[in-house]
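Report on the structure given below.
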Amino acid sequence: MESWGIFFLGVIALASVIQAGFLLGLVFYGRRLAQRVDALQVRLDREISPALENFNRVSRAAAEIADLATLQVRRLDLLLADTIDKVEETTAAIQELVVRPLKAIGGIVAFLRGLQRGMEVYFQSDRSTPPRRRVPGEDDEHLFI
């Protein structure tokens, strides 16, 4: 029985040596992998960091441009609103000062033109010829829109 115990102890020792070999290989390849990952990280930092800094700089510039554009649009909106208000005030002033007094004059002028036309018709008409009647549709082309 003792020989079986020694045999199993030998198998255990051999398995422990093999396991230790695998663990040493795992440590060796793990260190190599860690070194490669560190080298990759350094390379990425070296190559990507400037690009990220440029991207940050561009995004800050774009934000500043957007802020300036917003400010200019607000100024333009205020300018247009002020211009529209002034045009409306000017239109109201022109109507108050010019158009309203001319309405009365326009009525007088229309009355005088009517009177003038009546006089022209009266003096042009020949008493021997009957007055010419207007035929509907004749000479209405100027009324067509």
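The values are calculated or read from the model by the stated rules, or taken from the named source; none is laboratory data. A quick note: this is a predicted structure, and the numbers were derived from the prediction, not measured. We place every Cβ from the backbone using ideal geometry, glycine too, and count neighbours over all the protein chains shown. Accessible surface is based on the protein model in full, side chains and every heavy atom, while ligands, DNA and RNA are left aside. Shrake-Rupley method; radii C 1.70, N 1.55, O 1.52, S 1.80 Å.
Descriptive notes on the structure:
- Isotropically averaged projected area of the stretch 1-61, using the convex hull of Cα atoms (one quarter of hull area), nm²: 5.6
- Estimated FRET transfer efficiency (Leu79, Arg100; beta-carbon r; R0 30 Å; 0.05): 0.45
- Charge dipole magnitude, Cβ of K and R +1, D and E -1 - the stretch 73-129, Cα centre, debye nearest 20: 220
- The ellipsoid equivalent to the alpha-carbon distribution of the chain has semi-axes of 114, 26, 14 angstrom, derived from the gyration tensor eigenvalues as √(5λ) and listed largest first.
- Over the stretch 41-101: Rg over Rh, Cα atoms, Kirkwood Rh: 1.63
- Residue separation of Lys86 and Ala69 scaled by 0.36 nm, minus their Cα-Cα distance, works out to 3.6 nm of gained length.
- Fully extended contour minus Cα-Cα distance, from Asp45 to Arg113, at 0.36 nm per residue: 15.2 nm
- Degrees, to the nearest 10: 2-94 long Cα axis against longest axis of the chain: 10
- Once you reduce the stretch 70-86 and the stretch 43-58 to the center of their Cα atoms, the two points are 41 Å from each other.
- Relative to the Cα centre, the charge distribution of the chain, modelled as +1 at Lys and Arg Cβ and -1 at Asp and Glu Cβ, gives a dipole magnitude of about 120 debye.
- Each of Thr83, Phe55, Leu40 was placed along the dipole of the stretch 33-106 (beta-carbon charges, centred on the mean Cα), and the one lying farthest toward the positive end is Leu40.
- Rounded to 0.05, the FRET efficiency of the Val11 and Ala34 pair, given R0 = 25 Å and the Cβ-Cβ distance, is 0.15.
- Portion, in percent, of the accessible area of the stretch 1-119 that falls on carbon or sulfur, probe 1.4 Å: 69
- If the chain linking Ala20 and Ser3 were pulled fully straight, counting 0.36 nm for each residue of separation and taking away their Cα-Cα distance, it would gain 3.6 nm.
- At a probe radius of 1.4 angstrom, the accessible area of the stretch 57-104 per residue rounds to 90 square angstrom.
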